[in-house]
Amino acid sequence: MSKLHFTKMHGTGNDYVYVNLFTEQVDDASKLAVFVSDRHFGIGSDGLILIAPSKTADCRMIMYNADGSEGAMCGNGIRCVAKYAYEHGIVHSDEITIETKSGIKALKLTVENGLVTYITVNMGQAVLEPAKIPVSADGDTFVARKLVVDGKEYEATCVSMGNPHCVVFVDDVDALAMQEIGPRFEWNPLFPEGVNTEFVQALSESELKMRVWERGSGETWACGTGACATLVAASLCGKAGRSATVHLRGGDLAIRWQEEDGHVLMRGPAEFVFDGEIRV
C-alpha cells in the first residue's frame, strides 16, 4: 500500500476531497471516490476532485460523485480548485482558466494576504434545448412545463450548465422530504442521463432559497451549477430578475445572467478544511 496526500475543501458546504495529480498518482479514481466519500468509513465528502495538468488551460478539474460516477462540472468544486491552484503555486495570476469536461472556464480570484477568499466563475451560457440538456421532450425549451413524478404534478424548468438540472418552484422548501422526493426526480424517465433537481422558493426578485438533490450524491449543502440553473429558471419564469442571491443550506452564492452574451457568472467563497493522507 502507498500513501496518498489529499486536501479537504468546501464551497458553501459542498465538500470534496482534492488530490493534486501534479504530485500524486491515482490508479482507479472511481473506486477512490466511493471510498473517500463515505462519511462513516472514509474521509467524508460529496465526491472526489482531481487537480491535473492541462494542455489547454492553467490546470484541469476531474470530478467524481460520491457513487463513483464521473461528473462534467461542479461550480463549488471549481472555485476550490482555483483556490488550491493559486495557494500551491500551480498558477500565479488572479485570473486563471480551468479545463473541465464541459469546457474551459475563466475565473477571477479575490486574494487577501496571499489567500484566495472569493472567486467569480464565468460558467458560460445556459443551455435550454431539451436534446442538449438532455431531456426526452420536444420543443425548443422545457420552461414551466408540467412534470408528473410519483403521481404528483410539478411545474418544471430544465437547464444545462454543463450538467443537467431540473428546477421546481415550491412554496416552502424547508418542508420537503428530500430523501423521498429526490431520487424520484433523479432517474425519472424524462432524464436519460439522470438529473440534478433544485427545489426553489422565490423570496423576492433578487433572493432565492434553494435545496438540491444531486445526481450521484443525494442532497448536498450546495450546488454551484444548480444555483446558476436556478437563477436562469427563475428569470425565465418571471420569479426573479437576471441577478440574485441564492441562499443554499451551506451559504450564499451571487449569480448574474448577463443579457449581452447569455453567460452566467457565479461569485462565492472557497474554504480550506484540512490536509491529510490515506493508505491506498
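The values are calculated or read from the model by the stated rules, or taken from the named source; none is laboratory data. This one's a predicted model, so the numbers in the text were calculated from it and none came from an experiment. So basically every Cβ, Gly included, is an ideal-geometry build from the backbone, and we count neighbours across all protein chains shown. Surface accessibility is based on the protein's heavy atoms, side chains included, excluding ligands, DNA and RNA. Shrake-Rupley method; radii C 1.70, N 1.55, O 1.52, S 1.80 Å.
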Where the accessible area of the chain is counted over protein heavy atoms with a 1.4 Å probe, how much of it, in %, is carbon and sulfur?
46
For a quick check of your reading of the filter: which GluC sites (Glu not before Pro) in region 212-280 sit in a DSSP loop and have no more than 15 other Cβ atoms within 10 Å?
GLU259, GLU260
Can you tell me the accessible area per residue over the chain, all protein chains present, probe 1.4 angstrom, in square angstrom?
44
Are there chymotrypsin sites (Phe, Trp or Tyr not before Pro) in region 163-269 that DSSP marks as loop and that have at most 13 other Cβ atoms within 10 Å, and which are they?
TRP187
Quick check: from the Cα gyration tensor, does region 11-63 come out rounded (a/c under 1.5), prolate or oblate?
oblate
Cα centroid separation, region 17-72 to region 236-280 (Å):
21
Taking region 118-203, which GluC sites (Glu not before Pro) meet the DSSP loop condition and have no more than 13 other C-beta atoms within 10 Å?
GLU193
Show which lysines lie in cross-link reach of LYS101 when reach means a straight Cα distance below 30 angstrom and same-chain residues fewer than eight apart are skipped.
LYS3, LYS8, LYS31, LYS55, LYS83, LYS132, LYS209
